[in-house]
1. Considering only the stretch B:101-117, state which residues are at the interface with chain A (Cβ under 10 Å from one of its Cβ atoms), buried (at least 22 other Cβ atoms within 10 Å of the Cβ) and touching a strand residue (DSSP E or B) at 6+ places or on another chain (Cβ under 6 Å).
2. For the stretch A:235-252, give me each residue that is hydroxyl-bearing (S, T, Y) and buried (at least 24 other Cβ atoms within 10 Å of the Cβ).
3. When you go through A:T235, A:T270 one by one, which is the residue that is within 30 Å of B:A98 (Cα to Cα) and either under 16 Å from the mean Cα position of the chain (by Cα) or modelled with pLDDT under 90 (or both)?
4. Going through the stretch B:131-153 one residue at a time, which ones are modelled with pLDDT of 90 or more and either within 29 Å of B:V426 (Cα to Cα) or buried (at least 23 other Cβ atoms within 10 Å of the Cβ) (or both)?
5. Before we move on, is A:S210 in contact (Cβ under 8 Å) with a residue 40 or more places away in the chain, within 14 Å of chain B (Cβ to nearest Cβ) and part of a helix (DSSP H, G or I)?
6. Quick one: B:H344 ticks every box in (1) in a helix (DSSP H, G or I); (2) assigned by TED's automatic domain parsing to the domain that holds B:D117 except a single one, so which number is it?
7. Would you please name the residue that is nearest to A:I112 (Cα to Cα), looking only at residues in the stretch B:265-313 that are facing chain A (nearest Cβ under 9 Å) and surrounded by fewer than 18 Cβ atoms within 10 Å (Cβ to Cβ)?
8. What about A:I12, is it β-branched (V, I, T), within 30 Å of B:A293 (Cβ to Cβ), more than 10 Å from chain B (Cβ to nearest Cβ) and assigned to a helix (DSSP H, G or I)?
Amino acid sequence: MAWGFLGPSVVIFALFLVYPLGRTVYLSLHGNDIIGRPNRFVGLSHFTEMASPEYVQVLITTVVFSVGVVVPGVVGALVIVLLLEGVIRGQKFLRGAFAVPFAFSVASASVIFAVFYSPGNSVLNGILYRMGLDQVPWLTSQEMALWSIVITTVWMNLGYGVLVLAAGIGSIPKEVNEAARIDGATGPRLAWDVTIPMLGPQLFFLIVISTINALQSFGQIHILTSGGPVGSTTTLVYSIFQDAFAYGTSDFGRASAQALVLLLVVLVCTALQFGVIERKVHYS
Amino acid sequence: MTTFPRGRGIKAAALLASLGLLLSACSGDGGGGGSDLTAPGPDVLDGLDEAVQVEFWHSMDATNGQVLDELIEGFNAENEGRVEVTGSFQGDYDTALAGHRAAIQQGETAELIMIYDLGTQFMIDSGQTVPAQSFLDEDDYDTSTVEEALLNYFTVEGELRSFPFNNSTPLMYVNRDAFEEAGLDPDSPPTDLEEIRAAAEELTVTDDDGTVVQYGFGAAVYGWFIEQFMARAAVPYCDGANGRDGRATEVLFDDPKVIELVEWWDQMIEDDLAVQIGRNTDDGQAAFTSGRAAMTLESTGSLGGFIEQSDFEVGAGYFPLVGPDDPGGSIIGGASLWVNGEGHSPEEVRGSWEFVRYLLTPEAQSVWHAGTGYLAVNTEGYDGPEAQERAEESPQFSVAASQLADSEINENTAGCMMGVMSEARVAAEEGWEAALTSDATAEEAMSEAARGVSGTIDEYNESVED
């Protein structure tokens, strides 16, 4: 009887999680023919091939990108929400306004930023020019391109962060704030010692979710730089895409091996976050 | 109330999970083709109960897609009750090819597909299609009016493999207004790198602070251009006579001619005569149409869009040479049409061919060329009313055709035939871009990129020779 109820979820679990995972492991151990069908067992060679400077660079890019996206994204959302706490009139409207980027799809946001950054016709460079400042090679310099994508991603993520934290701040009991005020806490002191700790669960949630999102970012990279210039914006996910689908390739073996590495990275990050940060989170 | 014993339940779950693995292990075989793929005669379409359905996968959207839809409608109207073609847009060329691979795996290919030039060797190796030659032989089709350079590209080992359709060559585009302002003659645009630089020095405009407001030159870092420059300098792109005499084993884009080109390009950017564009051709087009760059390189297929989008007069000239003594010549680009035979009935195969034959008529080609700017595959198409009208309106439309007509037909202008051509193009772009954006010299960057491709070629060759 119990299995009767469990059955459907076991089937779905097996079909959408166990099977794809098993298939990925299988593919990662095989070489492909030109159509992408696995046709020979190659053992762990896809994994050993990854021990190359190019691949280490991909991992470094992934880490830099993720940290660059998560830290400003979470801190930015927190600052906005805290500042809005002091605004009495129009607070709801402003919160809504700041949450708007959340409503943009990755594709449309990326296309807008592509216009801002477009080499030769950059809207941002036009503004800089009017202000008498130097032009920035947003997408054409190996040093700058990754940061241009980081800026885009932070902007896209900010709305969600504001939504989550605004909801969190609304759920802090009034008595806590009143008690702190009676004790003489105001402004930054109140924010740092009372509001932020009380937002712990929301902040933790936001950090975990935006880390996973950052590690899985694809659309903005694809639309803005396609991983270039010279691989400087190729993250793990983008590298998987390039091996599996881009440029008429169909190296599903190598792509699957990388997908397993990605899985491992996400797992380790999440486990670390649960182990380190969650201990400090205060659940009321 | 009964319950299942625990042990059996777990076994069932394990079985289910391992079933997945088992299934995946089985999917490794099957397919491959190689059976009797020849063209059926016209009689297979006689006395049908209902029209044969032909699905046509293509990569034409926007204006080009509309023109194609018109042609499909025209064909369907002529062939009611016999053949009915349904066009299906599959995304860009790369996406369409990826989709086609998946379709081969599942044994559900479309009847007719459009595949870009770089996929040609892959299409031959996957053995799914009926060689174009076989249709020509069956119908005694006269190819004398078909553009020779196109036949040259799609003929492999003496046999035409697919039907050229949406094809183009790149041109040099100039901003005629900017040329006149700078005191240059827009009717004789620069023809080689040195002349472009000289013109760019005149065309580049800086403001009082020294910021460039108009660059002389600006084009995308696009691998196709390297292929063109090499063909025009009579340098093969890969060994084995551009892969036409046997399988290519290495690419040759670390040739001194290419190094010269990349060094020149780097210096142009360094000296603020050219704008740094990156690899996205849309950005190159935008830099030209907005007036930021007074000269650019692009496909003939962009001509219509350029004229429409820019508020200056657009001029077109031959694609430049690296050095003044290069012989010239031009490789075509674009896509061709392949008729799938594997898993399709003779009626479907015949129906696909009849549609292709319709597309190759002078009438259809006139509409196609005038509407899109692509070459008329059938050169009689240039005499059609639509094409004539277009040529009168904008004489730039005839530049591509004459560039091609002036081109010598040999293995260099046939272009490289290789299974991993798209990866090679990307590698060339990366080497080129590395030279422009890092301290690496052009020579280091291009030879490293060329070396990188060798491994990919070996892997591909091994996988098809087994």
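1. B:I115
2. Of all residues in the stretch A:235-252, those hydroxyl-bearing (S, T, Y) come to A:235, A:238-239, A:247, A:249-250.
A:T235, A:S239, A:T249 - these are the residues of the stretch A:235-252 that are hydroxyl-bearing (S, T, Y) and buried (at least 24 other Cβ atoms within 10 Å of the Cβ).
3. Values: A:T270 fails: within 30 Å of B:A98 (Cα to Cα).
A:T235 is the lone residue from the list that is within 30 Å of B:A98 (Cα to Cα) and either under 16 Å from the mean Cα position of the chain (by Cα) or modelled with pLDDT under 90 (or both).
4. Listed by number, the residues that qualify are B:P131, B:A132, B:F135.
5. Numbers: in contact (Cβ under 8 Å) with a residue 40 or more places away in the chain: yes; within 14 Å of chain B (Cβ to nearest Cβ): no; part of a helix (DSSP H, G or I): yes.
In short, no.
6. So B:H344 meets the others, but not (1).
7. B:D282
8. Details: β-branched (V, I, T): yes; within 30 Å of B:A293 (Cβ to Cβ): no; more than 10 Å from chain B (Cβ to nearest Cβ): yes; assigned to a helix (DSSP H, G or I): yes.
Judged against the criteria, A:I12 is not a match.
The values are calculated or read from the model by the stated rules, or taken from the named source; none is laboratory data. Source: prediction; values computed, not measured. Reconstructed Cβ throughout: ideal geometry from the backbone, glycine too, with neighbour counts over all protein chains shown.
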